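Step one of this worksheet: look at the structure below.
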Amino acid sequence: MLRRAAMEDRTVIMTSVNEAWAAEGSLLDSFLESFRVGLNISHLVKHIVVVAMDEGALRRCRAVHPHCHLLLPDVDGLDLSGAKSYMTKDYLDLVWSKLRLQHRVLLLGYNLLFTDVDVAWFRDPRVHITAAADITTSSDFYFGDPDDLGNYPNTGFIYFKATARNARAMAYWHAARARFPENHDQFVFNEIKRELAAPPIGVRIRFVDSKHVSGFCQLGRDLNRIATVHMTCCIGLENKLHDLRRVVEDWRRYVSRPQWERRAGKIGWRFEGGKCIH
């Protein structure tokens, strides 16, 4: 499946869904729609592998997408099909199961661009990924310097080059769960990012300006610069889906306007006061 989905440079885009997120009219549909309404990115859909966390998600994925992979959970008998409440045990098991698969993709020699399914893609964000870094991550809070480890990462949009350093970094990251047993992968990454950047692992981590690869925690306002928008600082499937749809609607409005009007910066977001924090 990775061979079929990979780009010429062996990069694969990956997202993950459970049955609730993959259901008709839910996050997966809005995610895929954003590629269709985005600027010159519809061809990227064929490079996406959708990881299904349960049988229901797999069935729904196969109905709408060619590359679907069933990931069995790490914990026997764990049901990952529902809309898991944030930071519950099931939620944590779900996000850590994803990380093990991402590690496997790197070991197979593929570059990995992982994106949460509650991310709207409107332009190709790969232009903001430099070959000089091992890991490029989006930022919940970005303070102006892409190399500053003081930036707050959001690992719901993160790129890994297929290097031995990154494979070691991924294994170290997963092992660090034992030190922070009640926290999710993003929290742990933020806690250990300086350890990953230091010897003996020594990966170079680069952060993308939130004006380009954006999210609700620190939302980019210039639609001429926006590549992606992530439903961050937002808890609950209903809230994420509500505002994701509104973001896509606003983008449709933006691209429908004449180019001179877009370039003038006169068209902005209209979804102030939605269900997430903006």
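The values are calculated or read from the model by the stated rules, or taken from the named source; none is laboratory data. All values derive from a computational prediction rather than experimental measurement. Here the Cβ positions follow ideal geometry from the backbone for every residue, glycine too, while neighbour counts run over all protein chains shown. Just so you know, the surface numbers come from the protein's heavy atoms only, side chains and all, with ligands and any DNA or RNA stripped out. Shrake-Rupley method; radii C 1.70, N 1.55, O 1.52, S 1.80 Å.
Among the listed pairs Lys240/Lys266; Lys161/Lys266; Lys193/Lys266, which are separated by more than 32 Å between their Cα atoms? Walk me through the numbers before you get to the answer.
On the way: Lys240/Lys266 26 Å; Lys161/Lys266 38 Å; Lys193/Lys266 39 Å.
From Lys240/Lys266; Lys161/Lys266; Lys193/Lys266, over 32 Å: Lys161/Lys266; Lys193/Lys266.
Largest first and to the nearest Å, give the Cα extent of the chain along each principal axis.
Principal-axis extents of the Cα atoms in the chain, largest first: 51, 42, 37 Å.
Where does each of Thr232, Thr130 land when they are ordered by accessible area, with a 1.4 Å probe and the largest first?
Numbers: Thr232 15, Thr130 40 Å².
These residues rank, largest area first, as Thr130, Thr232.
Can you find, among Ala264, Phe157, Leu196, the residue farthest towards the positive end of the dipole of the chain? Put +1 on the C-beta of Lys and Arg, -1 on that of Asp and Glu.
Projecting each Cα onto the dipole axis, the largest value belongs to Ala264.
Give, as a single signed number, the net charge of other residues whose beta carbon lies under 14 Å from the beta carbon of Phe141, with Lys and Arg counted +1 and Asp and Glu -1.
Net charge in that neighbourhood comes out at -2.
Round to the nearest 10 and report in Å² the accessible area of Val255, as given by a 1.4 Å probe over the protein chains' heavy atoms.
40
Considering only DSSP beta bridges where both residues belong to the chain, give the percentage that are antiparallel (nearest 5).
Numbers: 14 of 32 bridges.
Among the beta bridges of the chain, antiparallel pairing accounts for roughly 45 percent.
Could you order Ile277, Ile267 by accessible surface area, starting with the largest, using a probe radius of 1.4 Å?
Numbers: Ile277 110, Ile267 10 Å².
Per-residue accessible area, sorted high to low, gives Ile277, Ile267.
How far apart, in nanometres, would the label points at Arg177 and Asp147 be if each is projected 7 angstrom from Cα along the Cα-to-Cβ direction?
Between Arg177 and Asp147, the simple spin-label model gives 3.3 nm.
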